[in-house]
Amino acid sequence: MLKKELTFALNYALNKGFQIHPDAFEFLENVDVKKLEKIIKDIVREKTRKKLFQINQDDLESYFGIKDDSSLECEYKVLFDPTPKITSGEGVSGYNSLFASRFNKLKRIISDRPESRMLKSITSVKSAQSEDDMYVCGLVTTRITERNITKLILEDPSGSFEGIIFDNELQKTADTLLNDQFIMARVAIGKNSGFIIKDLIPPDIPDQASNKSESEVYAVFLSDLHIGSKYFMEEELREFVSWLSSPDPVARKVRFVLIGGDAVDGVGIYPNQDKELVCQTIEEQLKKMEDIISKIPNYVKIFIIPGNHDPGRRALPQPAIPKKYNSSLWEKDNVVMVGNPAVVSLNGVKVLMFHGQSIDDIVKTTPGLSYDSPTNVMKHLLRARHLSPIYGSQTPIAPESEDLMVIDEIPDIFHVGHVHRAQLDMYKGILLINSGSWQNQTPFQASVGMTPNPGIALMVNLKTFQVLHQNYNSKLDNILQS
Ligand code: D5M
Ligand code: FE
Ligand code: ZN
């Protein structure tokens with residue numbers, strides 16, 4: 001039911017022969033009721049003078065001084081979206097081509113490094129009699145450390161290579177290698193004709209200058225809203241969204257909002273989830289999302305990738321959230337639905353968006369990495385040039401014929417979510433953002449000792465890469481570490 005102040009304001013305009021555009025209507029619903037009468041009377045007077053008898057969102061935005069500043073450059077491109085590329089490869093042959101593609105893509109990436117001129121196939125190294133060091137590369141299939149000796153097995157299309165590591169420091173590096181990760185090794189034939197590994201070289205990120213926006217435009221980074229969950233911080237997120245329409249000078253420059261997955265809590269994602277939901281269907285959850293998003297000014301472009309809670313395929317890479325669950329969200333002019341992972345360019349700044357499912361597997365198997373510091377895991381992914389190397393653990397990976405999880409393009413910003421801990425860092429000129437969450441700690445998270453820092457909005461100035469943040473969680477002080 002309409003508030004009586006709003007009904008009064010609308011009737012006033014209608015009686016003066018005005019039409020009210022639906023956008024303006026939505027806007028007015030969120031205006032302080034005490035101000036409604038004055039606003040409508042002012043606008044009606046002004047527009048009657050101009051002989052224009054429709055009230056639209058523009059009029060209201062001009063009135064509030066929050067009208068889109070069209071002098072701000074605001075260009076975007078979707079550089080990579082897995083959605084149209086997803087095939088339905090199956091079974092062993094599917095995985096064979098996935099790993100062949102992974103090997104080939106990463107070998108091409110590593111060929112930019114000077115050592116790779118000396119790269120040989122595993123078969124040819126195995127038959128070589130050379131006394132010099134040689135280089136091989138492959139995917140890690142096994143690493144075992146026993147009695148101070150580390151054994152590593154790599155595979156390339158020609159065969160399998162086994163090498164031993166004696167050096168203590170290099171053993172530590174080997175311990176952080178992920179299963180199925182691509183690596184280059186400097187090797188030599190040992191005294192008993194086995195191979196000794198003398199160095200391990202990941203594809204990594206070369207030093208490079210990042211792309212910056214010419215105009216001072218801000219992008220907001222969010223993820224893990226978990227709309228539909230009892231623990232979704234609806235009030236706080238709505239407060240942040242309404243700030244986007246405020247006259248605040250930073251809010252006036254926000255042109256992009258990125259949502260890094262787990263937009264909704266989903267249905268049937270974990271046992272007894274229904275008891276922790278306030279919206280019991282995907283449609284209801286996405287409807288609420290649409291409602292919240294509709295409060296973001298129309299000139300702000302919103303990019304949404306799926307996470308493990310969103311509808312659609314669970315295995316990586318994930319296609320965009322299917323249109324069938326909420327076509328009006330899809331059809332909104334300012335919403336761009338893409339898959340996970342995706343690369344978008346915002347005024348020339350390349351942003352790699354990935355929900356971050358693989359973090360769970362990586363923290364479990366890698367010494368020195370933990371949920372407390374997701375950006376350290378992100379650095380690990382960048383060094384491996386792969387978003388989800390480990391196959392066969394918790395993170396499902398689909399047998400795509402092309403490995404779409406390889407980090408082909410070097411991003412300027414790497415945006416991840418999933419672990420519900422907002423954190424910032426830099427790696428080789430790349431801004432690393434874990435955008436935290438908008439869901440309070442769940443009983444499950446409490447039971448495993450996961451402490452999220454929800455309700456932090458991160459905003460990046462795309463011209464300077466300066467990051468601002470706002471904390472909407474009253475329980476915590478400024479806990480953002482960078
Ligand atoms: O996941 C949020 C974080 O919680 C993420 O790091 C995984 C972890 N998590 C959530 N549910 C489980 C279960 N059942 N087992 C292990 N780890 C879990 P989200 O994607 O928001 O659910
Ligand atoms: Fe999540
Ligand atoms: Zn998640």
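Helices (runs of 4 or more DSSP H) fully within the stretch 26-125 that include at least 3 residues being within 30 Å of L10 (Cα to Cα), free of Cβ contacts under 8 Å to residues at least 24 places away in the same chain and out of contact with any His (no Cβ under 9 Å at 6 or more places or on another chain): 33-49.
Those strands (runs of 3 or more DSSP E) of the stretch 404-482 in which at least 2 residues are away from ligand 1 (no atom under 16 Å from the Cβ) and of a type outside the set (V, I, T), considering only elements entirely within it, cover 422-427, 430-435, 456-461, 467-471. Selection over the stretch 452-471 of residues that are within 16 Å of ligand 3 (Cβ to nearest atom) and either over 20 Å from the mean Cα position of the chain (by Cα) or of a type in the set (K, R) (or both) gives a count of 0. When you check I189 against the structure, is it farther than 27 Å from E409 by Cβ, away from ligand 1 (no atom under 16 Å from the Cβ), buried (at least 21 other Cβ atoms within 10 Å of the Cβ) and not assigned by TED's automatic domain parsing to the domain that holds G436, yes or no? The answer is no for I189.
Among the conditions (1) of a type in the set (G, A, S); (2) loosely packed, with under 15 Cβ neighbours inside 10 Å; (3) assigned to a loop (DSSP other than H, G, I, E, B), S213 misses just one, which is (2).
Exactly one residue out of V351, V363 is surrounded by 24 or more Cβ atoms within 10 Å (Cβ to Cβ) and either of a type in the set (V, I, T) or within 13 Å of ligand 1 (Cβ to nearest atom) (or both), and it is V351. The set of residues in the stretch 385-402 that are touching a strand residue (DSSP E or B) at 6+ places or on another chain (Cβ under 7 Å) and more than 19 Å from S93 (Cα to Cα) comprises R385, H386, L387, S388, T395.
Okay, residues lined up against (1) in contact with a Gly (Cβ under 8 Å, 6 or more places away or on another chain); (2) among the polar types (S, T, N, Q):
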residue: G261; (1), (2): yes, no
residue: Y270; (1), (2): no, no
residue: K295; (1), (2): no, no
residue: V300; (1), (2): no, no
residue: F303; (1), (2): no, no
residue: Q318; (1), (2): yes, yes
residue: P322; (1), (2): yes, no
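Got a number for residues in the stretch 157-180 being surrounded by fewer than 22 Cβ atoms within 10 Å (Cβ to Cβ) and touching a helix residue (DSSP H, G or I) at 6+ places or on another chain (Cβ under 6 Å)? Matching residues across the stretch 157-180 total 2. Every condition in (1) under 36 Å from the mean Cα position of the chain (by Cα); (2) more than 13 Å from I201 (Cβ to Cβ); (3) surrounded by 17 or more Cβ atoms within 10 Å (Cβ to Cβ) is met by T142 except one, and the failing one is (3).
Looking across Q318, Q285, Q357, one residue alone is within 16 Å of ligand 3 (Cβ to nearest atom), over 18 Å from the mean Cα position of the chain (by Cα), at pLDDT 95 or above and surrounded by 23 or more Cβ atoms within 10 Å (Cβ to Cβ). It is Q285. The combined condition, being away from ligand 2 (no atom under 16 Å from the Cβ) and either small (G, A, S) or assigned to a strand (DSSP E or B) (or both), is fulfilled by S393. Checking G228, G266, G307 one by one, the residue that is within 16 Å of ligand 3 (Cβ to nearest atom), under 19 Å from P454 (Cα atoms) and out of contact with any strand residue (DSSP E or B) (no Cβ under 8 Å at 6 or more places or on another chain) is G266 and no other. Going by the structure shown, is I269 surrounded by fewer than 20 Cβ atoms within 10 Å (Cβ to Cβ), at pLDDT 95 or above and of a type in the set (A, V, I, L, M)? Judged against the criteria, I269 is a match. The residues on offer are V416, V448, and the sole one that is surrounded by fewer than 24 Cβ atoms within 10 Å (Cβ to Cβ), within 16 Å of ligand 3 (Cβ to nearest atom) and not aromatic (F, W, Y) is V448.
Whenever a residue of the stretch 226-237 is closer than 15 Å to H420 by Cα, its partners that are basic (K, R), lying with C-beta atoms within less than 9 angstrom and at least six residues away or across chains, give the pairs I227/K288; F232/K288.
Within the stretch 21-38, the presence of at least one residue that is farther than 30 Å from N347 by Cα, at pLDDT below 90, surrounded by 12 or more Cβ atoms within 10 Å (Cβ to Cβ) and in contact with a Phe, Trp or Tyr (Cβ under 8 Å, 6 or more places away or on another chain) is confirmed.
The values are calculated or read from the model by the stated rules, or taken from the named source; none is laboratory data. Every value quoted in this text rests on a predicted model; they were computed, and no experiment measured them. Cβ: placed from backbone, ideal geometry, glycine included. Neighbour counts: every protein chain shown.
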